[in-house]
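Input: a single structure, listed below in structure tokens.
Just so it is clear, none of the values below were taken in a lab; they were calculated from the coordinates. Just so it is clear, the model here is predicted, and its values are computed rather than measured. All Cβ positions, glycine included, derive from the backbone under ideal geometry; neighbour counts span all protein chains shown.
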Amino acid sequence: MTNIAEIFKIFRLMLIWLFIIFSIVWAVCWLVGIALPAILTTDNPITNVIYSTFGHSAGSENTLRMIAEVCRALTPITAVMVFIPINAMFMVLIERRALALFTLRMGPNRVGPDGYLQTAADAVKLLLKEDITPTGADAFMFTLAPIIFFAPSIFGALPLLAAATHNHSLFTIMNLPTGIFYVLAASSVPVVGIVMGGWASNNKYSLMGGLRSAAQAISYEIPLVLSIVTICLLAGTLDVVKIAEQQSGGILNWNVFGGGALTGISKIIQASFTGGDAGAIFNNYYPEGGWSIMMAGVLTACTIILFGIYLTGACAEINRIPFDLPEAESELVSGYNTEYSGIKFAIFFLAEFTNLFIVGTIATVIFLGGGDNPIPLWLLDKLGFTALNAPAAAMFAPLIDGLHFIDPTTFWAAIWVIFKTYFLIVLFAILVRGTLPRFRIDQLMAFGWKQLIPLSLTLFLLVVFARGAIHFHV
Amino acid sequence: MATETQEGFKTDEMIINMGPQHPSTHGVLRLILTLDGEVVRHAEAVVGHLHRAQEWQGQNRTWFQYQALIDRVDYLSGMFTSWAMARAAEHIDGCEVPERAEYLRVLVSEMNRISSHLLWLGTYLIDLGALYGFPFYPFVEREKLLALFEEVAGQRMMYNYIRIGGVIRDPKADWFKRLEAFTKEFPKRVDEYEAIVTENPIFLNRTKGIGILTKQVATDWGVTGPSLRASGIPLDLRRTKPYSVYPKLKFDVITYDKDGDTWDRYMARIIEMRQSNEIIKQVLDMLPQGEILSKKQNAGLRIKAGEGFAAVESPRGVLGCYIISNGSDKAVRFKWRNPSFSNLAVLAPLLHGSPIADIMAIFGSIDVIIPDVDR
């Protein structure tokens, strides 16, 4: 019952939408971060008009320079604000189409060309709906809950932006030395919004959904954080940009395969192709010979399991099936958002999909090499891609040097991050959603506390002892 | 209502009204639940939101009219309600049913049993939270059966196919061929469902050891059908009180004498689908030629005076029909014995002490159709 035509349509949809998302966000960033400041700080007709109106003095020049700086500083937040709604719209559509494919149905394919405008129509419908506050609800809290739920997905994503754009100068401002700590802290705020919404709704189903969510978030944050902490231990830093950079150089360097334990092997393979002293590399990376190799195997196994723990914890954190207990439809009607309608519901919905994207991005940056190309560069050189590089660079030279519209390293990093994130979401999150039944709340708790947490602690200890045998990121 | 006060911290039981508007009460069942945290302390099923006075309607319509109406009682297995009424009326009237018609009745009824169980399988998984994935797979096979029903009865769900005195239409040769192709394909599909569901760890967690229906409770509350047989009591009217041509067919009463939990009830239905498929195969081989209807079907359809009761084994249990006729074109009294009504009664004792998430797992596993409860 394989539906090749539908699979093709979904891939086409992904490519078109990714192109749209990418070009819009790229253009907005360029406009706000580069073009506007450049216009304001150079001598051109626009500034001349401003000077002739307000008078040309050192003071007015400084004011314009200040506005330009503010524009540059606002670029990251503008990027996120533009990205989130378009991306959520796209993800809803792709999820519905993919789920339809998995369940032998037709997805939305009527509004616009092949259903591309379906979520836009849904969004308009939600905005036009009456905004109901139920009788007896705490109106202030009821309104505040979706905001608290949504806000962290804006400010929590910012450090990841620096990692995803290969530390582009516009986004470096967002790069904190303890970036991953900040991201995790931000990602645990939304549960407050859920509990608040559940309580303020004056509905027993909502209340139960909210309380379940609190219990679930507390239980599953621990294995989630432990899995990331273990990777940070291997990387030796909490800085997301550094973690992403350390993994560059091909699929064997990625944290999901040993957190750098296989870097030596990757270097040895490179040496055997391009010429080099394999023995010296081996001694450098694996100082204790067979013991080191064994420990590299242990580390690889550990990190692969940690990746699984991260995905499980992330699913629970963002309330995806099979952990969607806070909004368990067959039990709690719709859980914490039962009473929400119109724009408030739309915000909950938007935030849920944005959170899905953010946990996908965290997984990409922490485990899957961030903006790294899975094929090592030396291999690409061998295959003759360098030859293509020069004419391409020449072709885009006006965009790169003249307008600063494209920064090639940033471009490729962003492309890879988005590509890997969507790969994770489509292949993992949607497929899981399309297959598994829901856990029961006590089973969920038992699974978290009795299995995931001991397992992640054990892996943490194993990694602590195993990492001494190998030289990392030399 | 237990109220405890420990150092100023007050805990209380919560009464929650589940239904009649609720995504998974299968229509309009209303449950009044007393919850202690997430644990059900007391449950009460309130029925009657879908009461349509089916018995009264039977007394105020002619036999011919009521025949068409009665499929709506249990809309997932309309063949069985028609069959129960037809058998009761034939018993009063004393008219002979042609042999081919009897075989066709068995054929369509077993098909109907499969289609009903397939829908149950899909909705049960929705109840367990497998909301978007698996539930649609059984519908693919069900669709094939509904297409066959549509061809032979003119409708996909409200068949009005089994009439007093036989069946209304003889299928074409091509229909039998398509049905035969279906019976060959179907066991493989059941294997597929089982591969996804039966040993799924989450499914096992959710269904094993909950909603245990002991033999004593089951007999006390008058539970019938697969739910009873999953508790280990071999009551299957097709064998224990044989009717139609069932004595000539080879099949065993399914008893699943293990725990009587929801997983066993799931398993009993899965096995029953395979069994029904085998019965269809046998009937296709044995089908004789001949007449299919012994009583003229028109508005003046009359049944002789007298009273009679007949029961059939529907997908949900023993479906009985009791009729008093005075020889006119209308019945004097109708009484239905609906399996869903008796099976639903056992819900309250089963729910006692289970968490709120198990309500749907247990309620789904006894397979109740609300119109069949309320009539």
| request: Counting other beta carbons within 10 Å of each Cβ, put B:362, B:270 in order, fewest first. | output: B:270, B:362
| request: Order these peptides, B:354-361, A:53-60, by their mean beta-carbon neighbour count within 10 angstrom, highest first. | output: B:354-361, A:53-60
| request: Apply the Debye scattering formula to chain A, with a single equal point scatterer on each alpha-carbon and no solvent, then give log10 I(q)/I(0) at q = 0.06 Å⁻¹. | output: -0.32
| For the stretch A:321-360: rounded, prolate or oblate by the Cα gyration tensor [a/c cutoff 1.5] | oblate
| said: For a test of the definition: using alpha carbon positions, the gyration tensor, and the 1.5 limit on a/c, classify the stretch B:55-119 as rounded, prolate or oblate. | reply: oblate
| request: Give the long-range amide H neighbours of residue B:332: residues separated by 5 or more places, or on another chain, with amide H under 5 Å away, using H modelled in the peptide plane at 1.01 Å from N. | output: B:324, B:325, B:326
| message | One quarter of the convex hull surface, Cα atoms only: what value does that give for the stretch B:223-375 in nm²? | response | 11.4
| Rounded, prolate or oblate: which one fits the stretch B:264-337, using the alpha carbon gyration tensor with axes a ≥ b ≥ c (rounded when a/c is under 1.5, else prolate when a/b beats b/c, else oblate)? | oblate
| field | Fraction of alpha-carbon pairs over 53 Å apart in the protein assembly as shown - percent | value | 30
| field | Spatial separation of Cα centroids for the stretch B:326-375 and the stretch A:378-420, in angstrom | value | 68
| remark: Sorting B:70, A:357, A:248 by the position of each Cα along the dipole of the protein assembly as shown (Lys, Arg +1; Asp, Glu -1; all at Cβ), the one nearest the positive end of that ordering is B:70
| So, in Å, what gap is there between the alpha-carbon centers of the stretch A:7-40 and the stretch B:21-62? | 54
| note | Helix B:356-365 sits off the longest principal axis of the Cα atoms of chain B, rounded to the nearest 10 on a 0 to 90 degree scale, by 20
| task | Tabulate in residue order the Karplus-calculated ³J(HN,Hα) for the stretch B:233-241, using 6.51 cos²θ - 1.76 cosθ + 1.60 with θ = phi - 60°, rounded to whole Hz; enter x for Gly and Pro. | result | 9, x, 10, 9, 4, 4, 10, 6, 9
| note | Summing +1 per Lys or Arg and -1 per Asp or Glu among the other residues with Cβ less than 11 Å from residue A:114's Cβ gives +3
| field | the stretch B:275-300-the stretch A:102-151 distance, computed between alpha-carbon centres (Å) | value | 52
| query | Expressed as an acute angle from 0 to 90° and rounded to the nearest 10, what is the orientation of the C-alpha long axis of helix B:262-286 relative to the principal long axis of chain B? | reply | 10
| said: Suppose a student asked you for the relative contact order of chain A, using Cα pairs under 8 Å spaced at least 6 residues apart; what percent would you report? | reply: 20
| task | Quick one: which residues, 5 or more positions from residue A:406 or on another chain, have an amide H under 5 Å from its amide H? H modelled 1.01 Å from N in the peptide plane, none for Pro or chain starts. | result | A:400
| field | Whole-Å semi-axes of the ellipsoid equivalent to the stretch A:1-49 (Cα gyration tensor, √5λ, descending) | value | 44, 7, 5
| said: With θ taken as phi - 60° and the coefficients 6.51, -1.76 and 1.60, list the Karplus ³J(HN,Hα) couplings across the stretch A:433-446 in order, rounded to whole Hz; mark glycine and proline as x. | reply: 4, x, 10, 9, x, 8, 6, 9, 4, 6, 5, 4, 5, 4
| Likely footprinting exposure, A:285, A:182, A:310, fewest C-beta neighbours within 10 Å first | A:182, A:285, A:310
| request: Please report, in debye to the nearest 20, how large the charge dipole of the stretch A:19-172 is about its Cα centre when each Lys and Arg carries +1 at its beta carbon and each Asp and Glu carries -1 there. | output: 420
| request: Determine one quarter of the surface area of the Cα convex hull of chain B, which equals its mean projected area, and express it in nm² to one decimal. | output: 19.5
| request: For helix B:136-153, report the angle its Cα long axis makes with the longest principal axis of the Cα atoms of chain B; keep it between 0 and 90° and round to the nearest 10°. | output: 20
| request: Would you mind giving the three semi-axes, in whole Å and largest first, of the ellipsoid equivalent to the stretch B:217-279 according to its Cα gyration tensor? | output: 21, 15, 8
| request: Please list the helices of chain A that count as membrane-span-like by this rule: a mean Kyte-Doolittle hydropathy of at least -1.0 together with Cα atoms stretching 18 Å or more along the helix axis, each helix being a complete DSSP H run. | output: A:4-30, A:58-102, A:139-155, A:204-235, A:290-317, A:342-366, A:408-424, A:453-466
